[in-house]
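Visitor: Sending over a structure as structure tokens; questions will come in a sec.
Please treat every number below as a calculation from the coordinates, not as lab data. The structure presented is a predicted model; accordingly, all values stated were derived computationally and were not measured. Methodologically, a virtual Cβ is constructed for each residue, glycine included, from the backbone with ideal geometry; neighbour enumeration extends over all protein chains shown.
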Amino acid sequence: MTKKKSTTTKKAAPAAAARTQPAPPPPPPGPPPKTKFSKDELKAFKAQLLALREQLTRDVGNMENQALKGSDQEVSVDHMADHGSDTFEQDFTLGLIENEGQTIREIDMAIERIQDGSFGVCDACVEEPLKLCKPCPYIPKARLEAIPYTRYCVEYARVAERDREIEEANDEEE
């Protein structure tokens, strides 16, 4: 009987040793997902982005000219209310210029994503898919057709917007 005990002890020892060894490190993350669109689809998206960029650039130029014209006008004491309205319009126009400029930058980044092969992949889900939507980590084609420069799937954009609104509400309370 003594021999049987030593035999079972020898078998249990390797199993116990295996349990105490640390688990091997996880494999390194694979390459980020690449676009699922064909070359023809990417070509169409790029054409759409370039046309939108050209239109916005033209609009920004027109708004800048309009804003500068408003600042060249002389102010008389009799027309202070008119001057206030002109100043408001100029500030409003400058805000629009800033927003359009941001959209142009987003368009440029989308064109870069087409060139590097990552167009249509949600930036929020690229490292670890959040599984907020069925095509995760990809942005649905319909969303890209509506907003070709978007970096996020609609579900992540909703979550991010809700979080921004909550943060803004908390900031107002303070």
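Visitor: Tally Lys/Arg at +1 and Asp/Glu at -1 over every other residue whose Cβ is under 13 Å from the Cβ of residue 33; what's the total?
Guide: So the environment of residue 33 carries a net charge of -1.
Visitor: Quick one: dipole size for segment 120-163, taken about the Cα centre, charges +1 on Lys/Arg Cβ and -1 on Asp/Glu Cβ, in debye to the nearest 20.
Guide: 200 debye
Visitor: While we're looking at this one, here's another question. Which trypsin sites (Lys or Arg not before Pro) does segment 121-174 hold that lie in a coil by DSSP with at most 13 other beta carbons within 10 Å?
Guide: Those that pass, being in a loop and sparsely packed, are 131.
Visitor: Most exposed first by the Cβ proxy, i.e. fewest other Cβ within 10 Å, how do 134, 46, 36 rank?
Guide: 134, 36, 46
Visitor: Residue 128 to residue 64: FRET efficiency via 1/(1 + (r/R0)^6), r the Cβ-Cβ distance, R0 41 Å, to the nearest 0.05?
Guide: E(calc), rounded to 0.05, equals 0.45.
Visitor: So which aspartates and glutamates pass the test for residue 34, namely a Cα distance under 15 Å, with those fewer than 8 places away in the same chain ruled out?
Guide: 112, 116, 123, 127, 128
Visitor: Now a separate question. Amide H of residue 138 versus every other amide H placed in the peptide plane: which residues, excluding those fewer than 5 positions away on the same chain, fall under 5 Å?
Guide: 122
Visitor: Still on this structure, I have one more. Order by neighbour count: 116, 123, fewest other Cβ atoms within 10 Å first, most last.
Guide: 116, 123
Visitor: Bin by bin, in steps of 10 Å, what percent of the Cα pairs in segment 120-163 do you find, going until the bin that has the longest distance?
Guide: Here the calculated profile for segment 120-163 is 34, 58, 8.
Visitor: If each residue's Cβ is checked for other Cβ atoms within 10 Å, how do 125, 153 rank with the fewest at the top?
Guide: 125, 153
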